[in-house]
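Just so you know, all these numbers are worked out from the coordinates, no wet-lab data involved. Treat the numbers as computed from the prediction; the structure is a model and nothing was measured. Cβ placement follows ideal geometry from the backbone for every residue including glycine, while neighbour counts extend to all protein chains displayed.
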Amino acid sequence: MKDNKPLEIEIELEFTSKVKALGCMCFKLEIKGRKGATDRLVVIPGGKVLFIEFKRPGKLHNTSPHQIVFMRELRNINHEALVTDSYKQALEKVIKILTATDL
């Protein structure tokens with residue numbers, strides 16, 4: 001039986017195309033020498049950034065201990081970090097940040 005759930009990369013690509021249309025920049029994040037970096041870094045107009053870890057639908061529980069630590073460290077210095085299995089949820093978060101930002 002084939003699993004019809006989208007792959008993580010498909011969710012990321014859908015999100016990336018939509019968030020760029022909002023005037024944001026979106027980067028695949030890989031930090032040499034650092035385990036647990038989130039999948040994406042979104043640079044939002046107005047000086048805000050959002051770190052996003054995408055998971056396959058139904059696989060949110062697969063967040064690794066290194067990813068949990070990385071996101072905790074980000075939050076401890078007042079950065080936003082989101083784990084999601086939905087490009088729509090991630091996009092809603094970006095829109096919320098955009099509308100709260102004084103440009």
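Values computed for the structure shown
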{"item": "Label corresponding to Cα extents along the principal axes in Å when calculated from the structure given, among (i) 49, 29, 21; (ii) 69, 48, 16; (iii) 37, 36, 23", "result": "(i)"}
{"item": "Spatially proximal lysines relative to LYS88 (Cα-Cα < 25 Å; intrachain offsets below 8 disregarded)", "result": "LYS2, LYS5, LYS18, LYS20, LYS28, LYS48, LYS55, LYS59, LYS96"}
{"item": "Mean separation of Cα contacts under 8 Å, 6 or more apart, over the residue count of the chain: relative contact order %", "result": "29 percent"}
{"item": "Trypsin sites (Lys or Arg not before Pro) lying in DSSP loop within the range 1-102, provided at most 15 other Cβ fall within 10 Å", "result": "LYS2, LYS32, ARG34, LYS35, LYS59"}
{"item": "For the range 1-32 versus the range 42-70, the gap between their alpha-carbon centres in whole angstrom", "result": "11 Å"}
{"item": "Cβ-based charge dipole, the chain, positive-most Cα from THR99, GLN89, PRO65", "result": "PRO65"}
{"item": "Computed label-point distance, nm, for sites GLU10 and LYS48 using a 7 Å Cα→Cβ extension", "result": "3.0 nm"}
{"item": "Residues of the range 61-76 with amide N under 20 Å of a point placed 7 Å along Cα→Cβ from ARG34", "result": "63-76"}
{"item": "Dipole in debye (nearest 20) - the range 57-103, about Cα centre, beta carbon charges: Lys, Arg +1; Asp, Glu -1", "result": "140 debye"}
{"item": "Size of electric dipole in the chain: Cβ of Lys, Arg +1 and of Asp, Glu -1, about Cα centre, debye, nearest 20", "result": "140 debye"}
